[in-house]
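What follows is a short report on a single structure.
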Amino acid sequence: MSQKIENQLNLALDATEAERQRSRSLNVGYDEEENEWELILKYSGSLEPVRELAVYVTELTGGYVIIQIKESRIEELAALPEVEFIEKPKNLYFQVENGRRVSCIDEVQAASSFFSAGQDIGKESGEAGDGADMSQGMEQENKETRTDIFPLLGKGVLLGIVDSGIDYENPDFRNADGTTRIAALWDQTVETGLPPAGYNVGTEFTSQQINAALQTAGHEERFRLVPSRDISGHGTAVAGIAAGNGRGSQGGRYRGVAPEAELLIVKMGIPGEYGFPRTTQLMRGVDYIIRKAEELKKPVAVNISFGNTYGSHEPYN
């Protein structure tokens, strides 16, 4: 095989039809009925020699081209001096789902009976939330994974997130009966209520207050009772990856790492101020989460998805 042909395409060309059918990747780009391949080429010079061999050609900018070509003519294609490199297409995946798989989270969760039949939540906004559907999705997804392992889903553990807040209406952060999974929410930017004991800024919302808001009809009334919003969406995204239960996606497909954990949320900031939060706000947030976990007598993991760099770092800058 020519050195211009990528390894995966070489492997696919050497594999039997049965081997390609069993693979997630080797058969991508192959048309079995026509015995043709969709390929990506890097070329220079004239494209005419390629056009003479290909079934069709889509010319792109930057010296790239996508072609359809008979499998029997790939070696001839690779021999052209105008062709620099040939590769086959690859499947694209949602990275949130793929990241959970490659991090072995699916296997850790595989023995779970986490999803059980429950009432729909979030119906007024058209959000999926049927527990029975999610149970079927979980069973289907894990049908080929090990089931002789202890399921780890975050049950009995608190997950603290110090970030930009959370969309507390989102079904991923609600139980099957529609109640919240948030044990407490401290919004440092809201001054309408009382701050947590020992702090002098923001408002602390309890799970009871959040549940009362969720039981009302419509966003306006909810945010009158619990006026905390995640404007950027960053904190909500982080919480979904760490602990979303998947109720916002069909079949619970996009659940997070610890879907049974309770949440302690801190929204950093200063009332009326825009821009990035400060390290002092972060320190208060972490301190609050630790103290709250001690109060609730539960273990806690803290997620901080903010960062900074200090000083010149000599001699490494």
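The values are calculated or read from the model by the stated rules, or taken from the named source; none is laboratory data. Just so it is clear, the structure is predicted and the values come from calculations on it, not from any experiment. Positions of Cβ are generated from backbone atoms using ideal geometry, with glycine treated the same way; all protein chains shown enter the neighbour counts.
For this structure, a couple of remarks:
- Test: residue in the range 185-194 that is of a type in the set (A, V, I, L, M, F, W, C) and closer than 24 Å to residue 257 by Cα: yes
- The range 30-39, residues that are within 31 Å of the chain's Cα centre (by Cα) and farther than 13 Å from residue 86 by Cα: 30
- Whenever a residue of the range 252-265 is under 13 Å from residue 175 (Cβ atoms) and in a loop (DSSP other than H, G, I, E, B), its partners that are of a type in the set (Asp, Glu) and at pLDDT 95 or above, lying with C-beta atoms within less than 9 angstrom and at least six residues away or across chains, give the pairs 259/172.
- Qualifying residue in the range 295-304 (condition: in contact (Cβ under 8 Å) with a residue 24 or more places away in the chain, basic (Lys, Arg), assigned by TED's automatic domain parsing to the domain that holds residue 108 and touching a helix residue (DSSP H, G or I) at 6+ places or on another chain (Cβ under 8 Å)): no
- In the set (1) touching a residue at least 60 places away in the same chain (Cβ under 8 Å); (2) surrounded by 13 or more Cβ atoms within 10 Å (Cβ to Cβ), the condition left unmet by residue 49 is number (1).
- Residue within the range 125-134 that is surrounded by 11 or more Cβ atoms within 10 Å (Cβ to Cβ), at pLDDT 70 or above and out of contact with any Gly (no Cβ under 6 Å at 6 or more places or on another chain) present: no
- Test result for residue 286, among the β-branched types (Val, Ile, Thr), in contact with a helix residue (DSSP H, G or I) (Cβ under 7 Å, 6 or more places away or on another chain) and at pLDDT 90 or above: no
- Scope the range 90-105; condition modelled with pLDDT of 75 or more and surrounded by fewer than 16 Cβ atoms within 10 Å (Cβ to Cβ); matching residues: 90, 91, 103, 104
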